[in-house]
Amino acid sequence: MSATEPAVTPELAAAHGLKPDEYERLLKLIGRRPSFTELGIFSAMWNEHCSYKSSRIHLRKLPTKAPWVIRGPGENAGVIDIGDGDACVFKMESHNHPSFIEPYQGAATGVGGILRDVFTMGARPIACLNLLRFGRPTHPRTRRLVAGVVAGIGGYGNSFGVPTVGGSTEFDTSYDGNILVNAMAVGLARADGIFYSAAAGVGNPIVYLGSKTGRDGIHGATMASASFEADAEEKRPTVQVGDPFSEKLLLEACLELMASGAVIAIQDMGAAGLTSSAVEMGAKGNLGVELDLDAVPCREAGMSAYEMMLSESQERMLMVLKPELEAQAEAIFKKWGLDFAIIGKTTDTLRFVVKHEGEVKADLPIKQLGDEAPVYDRPFTPTPKQPALDPASIRAPLSDREALLRLLATPNLCSKRWVWEQYDHLILGNSIRPPGGDAAVVRVKEGPKGLALTTDVTARYCAADPYEGGKQAVAESWRNITVRGATPLALTDNLNFGNPERPEYMGQFVGCLQGIGEAAQALDFPIVSGNVSLYNETQGAGILPTPAIGGVGVIADVAKAARTGFARDGDAILLVGKTSGWLGQSAYAHDLCGRADGAPPPVDLAAERRNGDFVRELILSGRVSAAHDLSDGGLAVALAEMALAGGMGAEITDLPEGPRHAVLFGEDQARYLIATNEAPLVVALATQARVPILPIGRVGGDALILPGETPILLTELQEAHETPLPAFMAGDDNALTAAFSTQAP
């Protein structure tokens with residue numbers, strides 16, 4: 001053993017995140033004490049981020065197949081068939097801990113990593129989305145975190161040249177010490193031109209491509225698998241540093257190399273860097289891998305084998321190439337100004353051998369590094385059910401007019417224009433429906449076909465009832481795609497939860513997955529890729545369970561994609577779906593009444609499908625001038641959003657039966673608002689389809705008029721909705737505090 005490497009002890013193993021029983025498992029597996037480099041390799045491959053050891057048995061229960069699914073979970077990204085020989089490649093991943101430690105680089109490299117997952121499959125990225133969660137605005141770090149994360153996402157995506165077309169940004173006290181930064185990327189490829197990561201053929205060269213390796217990001221994956229205490233600043237060296245311009249070169253070089261026919265297998269160097277990419281390629285192909293680290297391009301002198309194997313430096317790829325095309329491949333990468341180095345070969349030994357400076361630094365069974373990782377069936381405690389609340393018992397001391405204006409100014413319902421205007425959402429020229437609505441719509445190549453894209457989750461529902469909350473997250477994603485006129489095809493997820501070793505948090509995870517799986521099955525909305533992010537807690541306090549859902553749908557002609565805003569004076573406004581006035585876990589109850597109790601609205605999946613299919617058919621038939629689904633804030637907030645988006649007012653004359661405030665602000669599911677000049681026909685069609693529908697008013701004027709209330713001018717709505725976030729980010733400490741005044745600090 002080299003004198004420069006420390007001797008491995010149980011204490012050193014514990015410092016690498018391995019529990020005592022896991023270290024014993026390691027010793028039995030290899031029959032000896034590991035070298036320092038081998039310990040680093042095991043710590044990387046067996047941490048939660050890479051091995052899914054606490055979640056794997058539950059993930060297997062999710063529906064992942066459909067006739068249009070080309071490739072489900074297990075690769076760098078999921079792949080679905082969208083017709084005409086085209087495939088959509090997409091995935092969502094988290095960069096939560098790095099973004100809390102170093103907001104700009106954490107968020108930037110999150111975007112860079114998810115883009116590589118997509119173009120590693122042979123797809124050209126065409127869109128990015130995100131889902132962001134921050135702590136209460138009164139927390140001293142929140143403003144800096146928001147500014148840094150948004151700048152990082154914009155800085156990387158804008159420079160790389162892919163539009164950021166959608167997302168979700170919310171605030172809650174539970175994220176004070178553990179923000180969420182989930183990034184999603186979407187790409188296009190030919191359905192018969194997908195590239196995979198399984199190595200093939202004995203003796204084929206393993207090639208390192210892209211940027212040089214440095215010491216940034218070492219132990220990044222291990223850090224992402226640990227809870228935060230009070231040492232976030234000390235972990236700054238584990239955050240990677242990104243270079244979007246190098247990544248753009250890497251994209252073009254990789255796609256050109258793929259077109260040359262030289263590539264046998266390809267894997268992004270993401271979490272756990274060279275270790276994970278090399279092990280996964282060999283293990284998936286039932287081959288051994290031998291690496292010579294002397295050939296790895298390094299940007300820092302004197303890097304050890306341990307450092308090179310665990311570095312998470314960005315903009316790097318690993319490939320297995322056809323030997324006869326090595327020279328052609330190298331010429332392509334040299335042309336793009338990127339490193340190209342043969343650093344190893346495939347073998348028939350099923351061993352993972354790492355050499356450096358004439359010494360064997362690691363010699364391990366390659367399949368067992370992944371296959372023999374611990375798998376835990378952790379004990380869990382189901383979340384206790386809460387009772388449904390009587391709407392009459394929840395009433396803010398405000399008029400409905402005042403309540404609407406207050407809700408539109410709360411942190412989670414106010415306009416996020418300040419966020420998405422920092423992203424280039426128009427580059428490439430194919431963004432048909434920009435951020436700020438239900439789902440973004442992006443044209444596929446020259447059209448007319450397009451993709452509808454969205455990210456969703458209502459974490460307070462998931463905390464109150466994980467099963468219903470999981471169902472609702474999928475159903476809302478399905479609705480957001482449907483209300484554009486697109487057919488939902490598949491989803492990706494990013495499952496953000498607390499410490500799985502605590503039964504109450506594991507219970508949230510299990511409950512949410514049950515709901516997600518049931519909804520995905522019922523709506524033919526399979527899960528084709530995803531990510532699990534656990535240990536999202538600080539000093540023992542976990543975040544709200546936040547299973548982010550990223551949805552993808554297809555529309556045959558983007559010209560038919562519905563608009564959110566009112567567009568035609570005199571149109572009838574119709575409410576689709578049943579309204580009971582459900583206020584439990586609503587924004588009204590939470591933000592205006594300070595109520596965090598009660599069951600969330602139940603999700604009737606049959607009604608979701610029936611009502612959504614009806615609305616989609618109306619949109620595609622051209623009978624609808626505007627459409628919007630109802631979610632946070634209920635009917636009143638949806639009306640205000642449609643009025644603001646279209647610059648046209650509306651007068652509401654009829655409402656469903658029930659307490660007025662509950663009808664206006666309740667969050668019953670499976671509901672939509674549509675505007676049409678063919679109301680009698682639409683009502684007749686709805687009756688025939690057994691879909692509840694009610695004409696409630698007309699489009700027109702410069703105000704939103706609610707029954708019995710003074711008209712609310714569009715300028716008032718706009719002031720309430722658009723002002724808070726820019727004011728907060730400019731330094732006004734009171735601009736976003738209203739919603740949190742009733743919550744404990």
Of V263, F566, Q386, whose Cα points farthest to the positive end of the dipole of the chain (charges on the beta-carbon: +1 Lys, Arg; -1 Asp, Glu; origin at the Cα centre)? V263
Please tell me the relative contact order of segment 93-172 in percent, rounded to the nearest whole number, where contacts are Cα pairs under 8 Å and at least six residues apart. 40 percent
For segment 303-342 and segment 600-663, what is the separation of their Cα centres, given in Å? 52 Å
Given segment 111-195, what percent of its DSSP beta bridges are antiparallel, to the nearest 5? 55 percent
With θ set to phi - 60° and the Karplus curve 6.51 cos²θ - 1.76 cosθ + 1.60, what are the ³J(HN,Hα) couplings of segment 178-192 in order, to the nearest whole Hz, using x for Gly and Pro? 7, 6, 10, 10, 10, 10, 10, 10, 10, x, 10, 8, 6, 4, 9
Put a dot 7 Å past each Cα toward the Cβ at A596 and R690; how far apart are the dots in nm? 4.1 nm
Of K212/K335; K284/K367; K91/K322, which pairs sit farther than 20 Å apart, going by alpha carbon to alpha carbon? K91/K322
Modelled FRET efficiency - R0 30 Å, A15 with D371, Cβ distances, 0.05 increments: 0.75
Between L618, Q688, N204, whose Cα lies farthest towards the positive end of the dipole of the chain when Lys and Arg beta carbons carry +1 and Asp and Glu beta carbons carry -1, centred on the Cα centre? Q688
Pull up the cross-link candidates among the lysines for K578, meaning alpha carbon to alpha carbon under 27 Å and not fewer than 8 places away within one chain. K385, K471, K560
Share of carbon and sulfur in the accessible heavy-atom surface of the chain [1.4 Å probe, %]: 52 percent
Share of pairwise Cα separations in segment 235-274, more than 11 Å, in percent: 74 percent
When you count, for each residue, the other Cβ atoms within 10 Å and take the mean per peptide, how do 173-181, 431-439, 564-572, 378-386 rank with the highest first? 173-181, 431-439, 564-572, 378-386
Expressed as a rounded percentage, what relative contact order does segment 1-146 have, with Cα pairs under 8 Å and six or more residues apart? 12 percent
Quick calc, segment 650-745, dipole around Cα centre from Cβ unit charges on Lys, Arg (+) and Asp, Glu (-), nearest 20 debye, gives 440 debye
If N is the number of residues in segment 604-742, what value comes out of its Cα radius of gyration divided by 2.2 N^0.38 Å? 1.17
Relative contact order of the chain: what whole-number percent is it, with Cα pairs under 8 angstrom and at least 6 residues apart? 15 percent
When a/c is below 1.5 the answer is rounded, else prolate if a/b is larger than b/c, else oblate, so apply that to segment 56-115 with a ≥ b ≥ c taken from the square roots of the Cα gyration tensor eigenvalues. oblate
Select one label from (1) 18, 51, 26, 5, 0; (2) 16, 48, 34, 3; (3) 16, 45, 28, 10, 1, 0: the one whose number is P(r) over Cα pairs in 20 Å bins from 0, in percent as derived from the coordinates shown. (1)
Calculate the dipole size of the chain relative to its Cα centre from +1 charges on Lys and Arg beta carbons and -1 charges on Asp and Glu beta carbons; express the result in debye to the nearest 20. 900 debye
Using a ≥ b ≥ c from the Cα gyration tensor of segment 263-370 (square roots of the eigenvalues), is it rounded, prolate or oblate, where a/c under 1.5 gives rounded and otherwise the larger of a/b and b/c decides, a/b for prolate? oblate
Can you work out the accessible area per residue across segment 432-588, with the rest of the protein chains kept in place, probe 1.4 Å, in square angstrom? 23 Å²
Selection from P163, G633, C254 lying farthest towards where the dipole of the chain points positive, charges on Cβ: C254
Where the only charges are on Cβ atoms (+1 Lys, Arg; -1 Asp, Glu), what is the dipole of segment 1-59 about its Cα centre, to the nearest 20 debye? 200 debye
Whole angstrom only: what separates the Cα centroid of segment 90-166 from the Cα centroid of segment 2-44? 33 Å
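The values are calculated or read from the model by the stated rules, or taken from the named source; none is laboratory data. Keep in mind that what you see is a predicted model, and the values were worked out from it rather than measured. Counting neighbours? That spans all protein chains shown, and the Cβs are built from the backbone with ideal geometry, glycine included. These area figures cover heavy atoms from the full protein model, side chains too; ligands, DNA and RNA do not enter into them. Shrake-Rupley method; radii C 1.70, N 1.55, O 1.52, S 1.80 Å.
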